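Heads up: the structure comes next, in structure tokens.
The values are calculated or read from the model by the stated rules, or taken from the named source; none is laboratory data. This one's a predicted model, so the numbers in the text were calculated from it and none came from an experiment. Neighbour counts are summed over all protein chains in view; Cβ atoms, including those assigned to glycine, are modelled from backbone coordinates with ideal geometry. Heads up: the accessible areas ignore ligands, DNA and RNA and are worked out on the full protein's heavy atoms, side chains in. Shrake-Rupley method; radii C 1.70, N 1.55, O 1.52, S 1.80 Å.
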Amino acid sequence: MKFFIDTANLDEIRDAKAMGVLDGVTTNPSLMAREGRKDTDALLKEICDIVEGPVSGEVTALDAEGMIAEGKTLAALSKYIVVKIPTTLAGLKATRALSDEGIAVNMTLCFSANQALLAAKAGAAYISPFVGRLDDIGQDGMELIADICLIYENYGFKTEVIVASIRSTEHVHQSALLGAHVGTIPHNVIKQLVNHPLTDKGLDAFMADWDKLQG
Ligand code: E4P
């Protein structure tokens, strides 16, 4: 399972990289806005240079032609850029056009299995179903991941499932059990994954015994 970090914050990205678990990054317009930098292309390039793996940068055009033009500009920033495109009719057209030119696309804002099926057929390299936002409205986000993984397996689609809108370590655990290709995980959740009270308790006991030995 690949770990992407869901942030545009350079400190968080560097920290996850230092943990040795980082495979890529996803950003979106809200995450970019949170950094307060207007030079978004420069920021994306800096992220690519740190990660040296797939970095999703999202288009802001809403029409297919605009998405294609913006996607090409983004893709020219770095070989690591993955163009993030919303799962709409215009988005499908742009995904097909960019994929045909060899540009990797991550279709985002996916909330149904049918949307994921369309994304795969349009040639998307990745699909991003948002589990947390489905949980927020009383649906089961992880059930959608199970459906998409099964559908992709049924037909041998190469599109990779990025579990997005992850809110908890349990989302990560369930994603791994389902065989999702990727989780895009907030920094705080990545750090929580290593925690276990018995690890802390065991370490305290080891250190206490060691101190006794030293006299
Ligand atoms: C990732 O691709 C998404 O942009 C992100 O996971 C959305 O997460 P949120 O629902 O916490 O905003």
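Some values worked out for this structure:
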read-out: Selection within segment 132-144 - within 13 Å of the ligand (Cβ to nearest atom) and either charged (D, E, K, R) or under 19 Å from Glu58 (Cα atoms) (or both); value: Arg133, Asp135, Asp136
read-out: Residue in segment 164-177 that is touching a residue at least 40 places away in the same chain (Cβ under 8 Å), touching a Lys or Arg at 6+ places or on another chain (Cβ under 8 Å) and in a strand (DSSP E or B) present; value: no
read-out: Options Asp6, Asp15; residue that is touching a Pro at 6+ places or on another chain (Cβ under 6 Å) and under 21 Å from Pro186 (Cβ atoms); value: Asp6
read-out: Filter result for the condition that a residue is farther than 11 Å from His181 by Cβ, open to solvent by less than 20 Å² (accessible area, probe 1.4 Å) and modelled with pLDDT of 95 or more, over Ala146, Ala124; value: Ala124
read-out: Restricting segment 18-32 to residues that are under 11 Å from Thr7 (Cα atoms) and of a type in the set (A, V, I, L, M), the residue that is least open to solvent (accessible area, probe 1.4 Å); value: Val25
read-out: Residue that is surrounded by the most Cβ atoms within 10 Å (Cβ to Cβ) [pool: residues in segment 80-110 that are within 17 Å of Ile148 (Cα to Cα) and touching a helix residue (DSSP H, G or I) at 6+ places or on another chain (Cβ under 6 Å)]; value: Met107
read-out: Complete set of residues in segment 40-79 that are within 16 Å of the ligand (Cβ to nearest atom) and either open to solvent by 30 Å² or more (accessible area, probe 1.4 Å) or modelled with pLDDT under 95 (or both); value: Thr40, Pro54, Glu58, Thr60
read-out: Residue ID - nearest to Ser165 (Cα to Cα), chosen from residues in segment 80-123 that are assigned to a helix (DSSP H, G or I), within 16 Å of the ligand (Cβ to nearest atom) and polar (S, T, N, Q); value: Gln115
